[in-house]
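> Below is one structure. I have some questions about it.
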Amino acid sequence: MKNTFGNSITLTIFGESHGPYIGAVLDGLAPGMEINEEYIKAKLAKRRPSGKISTKRVETDEFLIVSGAFEGRTTGTPLTLLIPNTSTKSADYSSLSKTPRPGHADYTAMCKYHGFQDPRGGGHFSGRITAALVAAGAILSFALSKKGIKFGTHIKKLGGAYDREFDKTEKDVDALENLNFPVLDALAAEKMMSAAEAAAECGDSIGGVLESVVIGVPAGVGEPWFDSVEGVLSHILFSIPAVKGVEFGRGFGFADMYGSEANDAFVTDGERIFTKTNNNGGINGGITNGMPIVFRTAIKPTPSIYKKQETVDLETKTAAELVIEGRHDPAIIHRAAAVVDAAAAIAVADLLATRYGTDFLADN
């Protein structure tokens, strides 16, 4: 099992949903980077469940940095972060080792790990593990913010409702920092919340689309082929549970455009070179062009639903029916926004460290 991402800055995640701890190791960090614990707590809070459309399992996400830091600064050695699991009900998952949930990793985990996997709460395949990813990403996004690089994600589509486009991008990104339900248009937010609550009331779940922007990344970052900006970002984004689609700029919309419409004209103000439009999402030939990086992720509905579902009994190889118990999210998209931002920060930090060296993130 491979659990490490990155080239110059690497992230390794570990733990299980109902184990004593989950955690992350960041290696390749520059020495002297500030670790802002309040900032990390704020990012974890945006991922934490709340309200009718979230699981009733609420963890405090108290974290402990056990290596790689001294007196609030990175030492340059591997940084290890632990988050205890304090709210587990493992008995709710006792039947899932032989009757896998449709759409979940229960069956594929058994095929790969021959039944030795931890099935409680989804084990290592649980969305719970994303808390460690968010904490690690917060360390990097705080360092990147000092370089003028910011990340923002909003719910673009949910339950037939659409949020507005990013307008004044930096102002919108700042506004999203203060929203637990990350939607820029208040009316759209009400419609989306109603759709998610309706799914919850009938024991079902709902998916949607997130839209993200990264501002402040300089031109010239990335590689033209196997480590393109799209490739590196997609690599980590597809590691997030429930992400089943990623597109950049206009994405699949390019299929309905002419070249004259799709191309972003270059202009200058005498000092900077930029583009009139940003259909390509800030990337040309796998390399950043200095415009905001824009991408969308499709989030599938949570597989753990309370409706009766068809499955099989893995022991007897016979048909079976499954009605799950436990605490599950009817919608995870609002919580996933914080995870996407963290994943993007990890990928962008690695791309920048590869381009400029790991000391790029050091405090000057």
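> Looking at region 337-356, which of the residues that are touching a residue at least 60 places away in the same chain (Cβ under 8 Å) and either of a type in the set (Val, Ile, Thr) or out of contact with any helix residue (DSSP H, G or I) (no Cβ under 8 Å at 6 or more places or on another chain) (or both) is nearest to Arg296 (Cα to Cα)?
Within region 337-356, the match that is nearest to Arg296 (Cα to Cα) is Val340.
> Name the single residue that is nearest to Val340 (Cα to Cα) among those in region 180-197 being free of Cβ contacts under 8 Å to residues at least 24 places away in the same chain and among the hydrophobic types (A, V, I, L, M, F, W, C).
Per the stated criteria, the residue is Ala186.
> I'd like to check something: does region 292-309 contain any residue that is buried (at least 17 other Cβ atoms within 10 Å of the Cβ), under 16 Å from Ser212 (Cα atoms), touching a Ser or Thr at 6+ places or on another chain (Cβ under 6 Å) and of a type outside the set (Val, Ile, Thr)?
Scanning region 292-309, I find at least one residue that is buried (at least 17 other Cβ atoms within 10 Å of the Cβ), under 16 Å from Ser212 (Cα atoms), touching a Ser or Thr at 6+ places or on another chain (Cβ under 6 Å) and of a type outside the set (Val, Ile, Thr), so the answer is yes.
> I'm checking my understanding of the structure. Among residues of region 150-182 that are among the polar types (S, T, N, Q) and in contact with a strand residue (DSSP E or B) (Cβ under 9 Å, 6 or more places away or on another chain), which one is surrounded by the most Cβ atoms within 10 Å (Cβ to Cβ)?
Kept after step one, since they are among the polar types (S, T, N, Q), are these residues of region 150-182: 153, 169, 178, 180.
Checking which are in contact with a strand residue (DSSP E or B) (Cβ under 9 Å, 6 or more places away or on another chain) leaves us with 153, 169.
Details: Thr153: 27, Thr169: 17.
Among residues in region 150-182 that are among the polar types (S, T, N, Q) and in contact with a strand residue (DSSP E or B) (Cβ under 9 Å, 6 or more places away or on another chain), the one surrounded by the most Cβ atoms within 10 Å (Cβ to Cβ) is Thr153.
> Those residues that are of a type in the set (Phe, Trp, Tyr) and either out of contact with any Ser or Thr (no Cβ under 7 Å at 6 or more places or on another chain) or buried (at least 20 other Cβ atoms within 10 Å of the Cβ) (or both), I need them from region 258-291; list them, please. Before the answer, list the steps.
Of all residues in region 258-291, those of a type in the set (Phe, Trp, Tyr) come to 258, 266, 274.
Residues satisfying the conditions are Tyr258, Phe274.
> List every residue pair whose Cβ atoms lie under 6 Å apart, where the two residues are 6 or more positions apart in sequence or sit on different chains, the first residue falls within region 308-319 and is free of Cβ contacts under 8 Å to residues at least 60 places away in the same chain and within 14 Å of Gly103 (Cα to Cα), and the second residue, located anywhere, is surrounded by 10 or more Cβ atoms within 10 Å (Cβ to Cβ) and of a type in the set (A, V, I, L, M).
Lys308/Val323
> Kindly indicate which of Pro49, Pro31 is at pLDDT below 95, in a loop (DSSP other than H, G, I, E, B) and not hydrophobic (A, V, I, L, M, F, W, C).
Within the list Pro49, Pro31, the selection yields Pro49.
The values are calculated or read from the model by the stated rules, or taken from the named source; none is laboratory data. Since the structure is predicted, the reported quantities are computational estimates derived from the model, not experimental observations. Counting neighbours? That spans all protein chains shown, and the Cβs are built from the backbone with ideal geometry, glycine included.
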